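The numbers here are math on the coordinates, done by the rules we state, and not lab data. The shown structure was predicted, so the numbers you read here are calculated from the model rather than taken from an experiment. FYI the Cβ positions are ideal-geometry reconstructions off the backbone, even for glycines, and counts take in every protein chain you see.
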Amino acid sequence: MEYVAVVIVAALVFLICFLVDRGFTKLFRSQQEHKSGLAVRLNRRYGSLGLIIAVLGVAALFAGGWLLTAGGCLLILVGSGLVVYYMTFGVFYDTDTFVLTTFGKKSATYRYSDIKAQQLYMNYGNTVIELYMTDGRTVQLQSGMTGVYDFLDHAFPAWLRQTGRKREECLFYDPQNSCWFPPVED
């Protein structure tokens with residue numbers, strides 16, 4: 001009988017997450033770039049792992065005992081945090097602009113010409129491409145994100161067009177080595 005309760009709770013959590021995702025999209029993603037269908041999103045592992053951790057936390061609450069209850073609450077918080085992080089991060093783009101959406105900060109719309117430099121980092125076999133914007137903000141894109149290379153391949157020609165540069169002038173451009181924009185000057 002306890003297994004049936006866990007399955008029902010898991011199904012309810014999945015349903016609630018699905019409805020929150022749909023509602024979140026309709027309420028907060030109304031700009032033109034959001035509707036273009038072109039986006040850089042976190043890997044679905046973040047959302048899935050967060051959901052699984054939250055369900056395990058709910059299951060721990062049903063098991064009883066103060067230690068399992070405390071651990072269950074902690075798991076629910078961690079799982080919810082991963083789901084929120086997955087749902088709130090995104091770079092949505094079209095031909096002339098892109099929108100950076102992050103948790104806790106207002107969405108910012110940029111033209112491709114606002115990209116002034118890039119820096120590469122290696123992080124446990126994952127390439128992190130950090131774009132420096134003219135307003136001082138940075139955009140960190142990981143190679144494991146969905147759509148990151150499509151975005152960068154789209155951003156470079158738009159950046160050339162908006163800045164008035166020619167491809168031949170850009171000696172730094174080397175997509176095979178994850179270089180699309182000028183390197184950060186020391």
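Rounded to the nearest 20 debye, the dipole size of the chain about its Cα centre is 480 debye, using +1 on the Cβ of Lys and Arg and -1 on the Cβ of Asp and Glu.
Stokes-Einstein diffusion for region 91-177 at 10 °C, viscosity 1.306 mPa s, with a Kirkwood radius from C-alpha pairs, works out to 116 µm²/s. For Cys179, the residues whose amide H sits under 5 Å from its own are Asp174, ignoring neighbours fewer than 5 places away on the same chain, with H placed 1.01 Å from N. Proximity of backbone amide H atoms, modeled 1.01 Å from N, is registered between Leu141 and Ile129, Glu130, Leu131 at under 5 Å, excluding neighbours fewer than 5 places apart on the same chain. For region 50-94, the mean projected area of the C-alpha convex hull, equal to one quarter of the hull surface, is 2.9 nm². When each of the peptides 64-74, 167-177 is scored by how many other beta carbons lie within 10 Å of its residues on average, the order from highest to lowest is 64-74, 167-177. Given the options Phe103, Phe172, Phe92, identify the residue whose Cα lies farthest towards the positive end of the charge dipole of region 91-177 (+1 on Cβ of Lys, Arg; -1 on Cβ of Asp, Glu). Towards the positive end, the residue furthest out is Phe103.
What does the extension gain come out to for Glu169 and Ser80, with contour length at 0.36 nm per residue minus their alpha carbon separation? Let's see the in-between values first.
Working: separation 89, 0.36 × 89 = 32.04 nm, distance 4.69 nm.
My answer for the length gained is 27.4 nm.
Mind pulling the per residue volume of the convex hull built on the Cα atoms of the chain? Å³ is fine.
Values: hull volume 26.6 nm³, N = 186.
That works out to 143 Å³ per residue.
Under a 5 Å amide H cut-off, with hydrogens placed 1.01 Å from N, Lys116 pairs with Tyr132, Met133, Thr134 among residues at least 5 apart or on other chains.
Within the chain, which DSSP H helices have Cα atoms that stretch 24 Å or more along the helix axis and a mean Kyte-Doolittle hydropathy of at least -0.5?
On the way: long enough: 2-28 (38 Å, 1.88); 44-63 (29 Å, 1.52); 66-88 (33 Å, 1.69).
Long hydrophobic helices here: 2-28, 44-63, 66-88.
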